[in-house]
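Since the structure comes first, as structure tokens, the remarks are kept for the end.
No value in this document is a laboratory result; all are computed from the given coordinates. All figures in this text were calculated on a predicted structure; none of them were measured in a lab. Heads up, the Cβs are rebuilt from the backbone with ideal geometry, glycines too, and the neighbour counts pull from every protein chain shown.
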Amino acid sequence: MDTRFLGIPELVEVPSVAVVVDVMRAFTVAAWAFAQGAEKIVLAESLDEALALKARHTRWMALKDGPPAPGFDAVNSPGLLRSVDLGGRTVVQKTTAGTVGALAVKDASLVLCAGFVVAEATARLLRRRAGDQVTFVVTGEDGRADEDLACAQYIARRTTESGTDAAAYLRRARESRAAAELAQGVRQGAHPDDVALCLEVDRFPFAMVATLEDPLMVLRPYAVDSLAD
């Protein structure tokens, strides 16, 4: 598998297959939302769009980065979301990096959103596309966020070497600036367990596939238990 690792500003052409990585915390949160019963996640372009979508669909809920805000039902924290019943709900998500990265590659033939919590499921799905070039979109810090790069490199390696040890990749993520900011309370809208939850490898058995459902970019879980490697 031919792989490249790019930040959002480096995306100058539409990739064939894109894996958008946001470990802390957008796509860890997305995975938890599905685990809590969400049917789908709509990736919003802006906070205003998120609120407008919620206003048009009374059963939808809106989620954002940072502290609680009027009109939003939740914040971008796995520790806070894990106790919320989302059975059958649609979640509208807008974050600083993760949702931006996914929307930047919306025209790719396959868009996966990932973090450590869905690493193996993502790798298994990529094994079916072994002939394609895969672009890993490292969303944090314009492609320099080490927690996202470490996760992207781990998934890429695990795609070809299923026995890859996660320890060194997790150590890099644990020592990243994002982890420090969460642990120190620099980032608002956080829970003390957020870093640990973001570093749980293979917590969930599904990958997350984003597709255009005109005009929206919609993320859904994709079970891979039955896929042959």
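Counting DSSP beta bridges with both partners in the chain, what percentage is antiparallel, nearest 5? Approximately 35 percent, going by the DSSP bridge assignments.
Each of [x] 19.8, 62; [y] 20.0, 72; [z] 16.1, 47 is a candidate for Rg and Dmax of the Cα atoms in Å; the one calculated from this structure is [z]. Evaluated with a Cβ-only charge set (Lys, Arg +1; Asp, Glu -1), the chain carries a dipole of roughly 340 debye about its Cα centre, given to the nearest 20.
Once C-alpha pairs closer than 8 Å and six or more residues apart are averaged by separation and normalised to the residue number of the chain, the relative contact order reads 32 percent. The 3J(HN,Hα) values that the Karplus relation (6.51, -1.76, 1.60; θ = phi - 60°) gives for region 24-39 are, in residue order, 10, 8, 3, 8, 6, 4, 4, 4, 5, 4, 5, 4, 8, x, 4, 7 Hz. Gly and Pro appear as x. Counted over all Cα-Cα pairs of region 106-229, pairs farther apart than 26 Å make up 23 percent.
Estimated at 0.36 nm per residue, the fully extended path between residue 167 and residue 47 surpasses their Cα-Cα distance by 39.6 nm. Note on residue 57/residue 200: beta-carbon distance plugged into 1/(1 + (r/R0)^6) with R0 of 30 Å gives a FRET efficiency of 0.45.
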